[in-house]
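The values are calculated or read from the model by the stated rules, or taken from the named source; none is laboratory data. Keep in mind the model is a prediction, meaning the values are calculated, not measured. With ideal geometry, Cβ positions are generated from the backbone for all residues, glycine too; neighbour counts draw on all protein chains shown.
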Amino acid sequence: MKTLLRLLACFCVITCVASASAALSPVSFVLGKQSFKPGDAIVIDQVLATSARLEVGTKLLVRGHYTLASCDKANVGLYLTHRSPAGADASTRSQTARLEQASGTFELSCDITYAGDPHVSLYPAKGGEAFGGVYFAAAP
């Protein structure tokens, strides 16, 4: 019985340590290149991540708000631009959100699986190339 209790206690400690290391924390960030159609905007309010350096292996969450004036509906997405040639990326549901109002908030997340430049961008509701967006990086 004592052995079982010790094993259970060890398991709890290991689980707590693993959970703590995967916790998201606020990251200081700087904005990079941004471009929008007149009346459109994306404002990044908060970046949370498992690593302040936004490196490969990091879980990333971005919260912000938007204004959409150039069209009635759009999608907003959190992606990384490759720094070297590569194929198409798979995306997850948590990386995109449908925008159906002139303004509102968003929360997007992804795992950083390769070196790249993170950005939040606007896309046509029916698919296609981005028509606006903002890049960001961890503050030096």
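Listed by first and then second residue, the pairs linking a residue in segment 93-113 that is within 11 Å of Leu78 (Cα to Cα) to a residue that is surrounded by 12 or more Cβ atoms within 10 Å (Cβ to Cβ) and among the charged types (D, E, K, R), with Cβ atoms under 6 Å apart and 6 or more places separating them unless they lie on different chains, are Glu107/Arg63; Asp111/Lys59. Residue count for segment 115-126 under the criterion of being surrounded by fewer than 13 Cβ atoms within 10 Å (Cβ to Cβ) and more than 20 Å from Leu31 (Cα to Cα): the result is 1. Confirm whether Ala9 is of a type in the set (Gly, Ala, Ser), modelled with pLDDT under 95, out of contact with any strand residue (DSSP E or B) (no Cβ under 9 Å at 6 or more places or on another chain) and loosely packed, with under 10 Cβ neighbours inside 10 Å. When the stated conditions are applied, Ala9 does not pass them. Pairing residues of segment 62-90 that are buried (at least 17 other Cβ atoms within 10 Å of the Cβ) with residues that are among the basic types (Lys, Arg), at Cβ distances under 9 Å and at least 6 apart in sequence or on separate chains, gives Ala74/Arg98; Asn75/Arg98; Val76/Arg98. Taken together, Ser91, Ser21 contain a single residue that is hydroxyl-bearing (Ser, Thr, Tyr), within 13 Å of Ile112 (Cα to Cα), modelled with pLDDT under 95 and out of contact with any Asp or Glu (no Cβ under 9 Å at 6 or more places or on another chain), which is Ser91. Restricting attention to segment 99-111, the residues being crowded, with 17+ Cβ neighbours inside 10 Å and either more than 10 Å from the chain's Cα centre (by Cα) or on the phi > 0 side of the Ramachandran plot (or both) number 2.
Restricting to segment 78-131, what's the tally of residues that are touching a Ser or Thr at 6+ places or on another chain (Cβ under 6 Å) and in a strand (DSSP E or B)? Result for segment 78-131: 4. Return the total of residues in segment 112-140 being over 15 Å from Arg98 (Cβ atoms), among the hydrophobic types (A, V, I, L, M, F, W, C) and under 11 Å from the mean Cα position of the chain (by Cα). Selection size over segment 112-140: 2.
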